[in-house]
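Notes for the one structure printed next.
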Amino acid sequence: MTSSRTDRARALRQSCGRAEERVWAILRGGRIDGHKFRRQHPVGPYFADFACDQLRLIIEVDGGVHRLDQVAARDRQRQQGLEALGWVVIRVTNDQVFSAPEGLIEAVRLHAWRLHG
C-alpha cells in the first residue's frame, strides 16, 4: 500500500507541464555530470519540482502564475522553508527553460563546484 505523499508525488509527476518535461529531459539519468535528480521529490512538508539529494539542490520551475503577488509570496515562504531545511533552491521560469536551457545546466554545475570544489 502506498502512502498519500507517494500518491501525491505520482499525481504531480503525471500532471507536469511542457517546461517541467523539458527540465526533466535535461536532468534525468544523471545527465549533468552524473548528478541524480528526482521529480516531485518530498522535502519536509513540500514537494520539490526537482531535487538532488547529493547536492542538496532543488530546482523549481515557475510558470506565468508565479508572477501573481499571492503566488510569489507563497513561493518565497516555501523557499525559505526549504532553505531552512538545508537545501539550495534554483528558480527558473518557463521562458528560461525554453530560451536558454544552458543557464540551468551551468547553475547546477556552479552549485556542485561551490559545494565540492
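Observations
- Listing ARG76, ARG109 from fewest to most neighbouring C-beta atoms within 10 Å gives ARG76, ARG109.
- Computed extension gain for LEU115 through SER4, at 0.36 nm per residue and net of the alpha carbon distance, reaches 36.6 nm.
- Between the amide H of LEU57 and those of CYS52, VAL88, distances stay under 5 Å, these residues lying 5 or more places away or on another chain, with hydrogens modeled in the peptide plane.
- Under the simplified labelling scheme, the ALA84-ALA72 pair shows an inter-label distance of 2.3 nm, with each label point 7 Å from Cα along Cα→Cβ.
- The 3J(HN,Hα) values that the Karplus relation (6.51, -1.76, 1.60; θ = phi - 60°) gives for the stretch 101-114 are, in residue order, x, 5, x, 5, 4, 5, 5, 5, 4, 5, 4, 4, 5, 4 Hz. Gly and Pro appear as x.
- Extension reserve of the ILE105-THR93 stretch, reckoned as 0.36 nm per residue once the Cα distance is removed: 2.9 nm
- Residue-by-residue Karplus 3J(HN,Hα) for the stretch 19-24, coefficients 6.51, -1.76, 1.60, Hz, glycine and proline x: 5, 5, 4, 5, 4, 4
- As a proxy for reagent exposure, ranking ILE59, ILE32 by other Cβ atoms within 10 Å from fewest up yields ILE32, ILE59.
Here, each number is a calculation from the coordinates, and none is a lab measurement. Predicted model only: the values in this text are computed from it and were never measured. All Cβ positions, glycine included, derive from the backbone under ideal geometry; neighbour counts span all protein chains shown.
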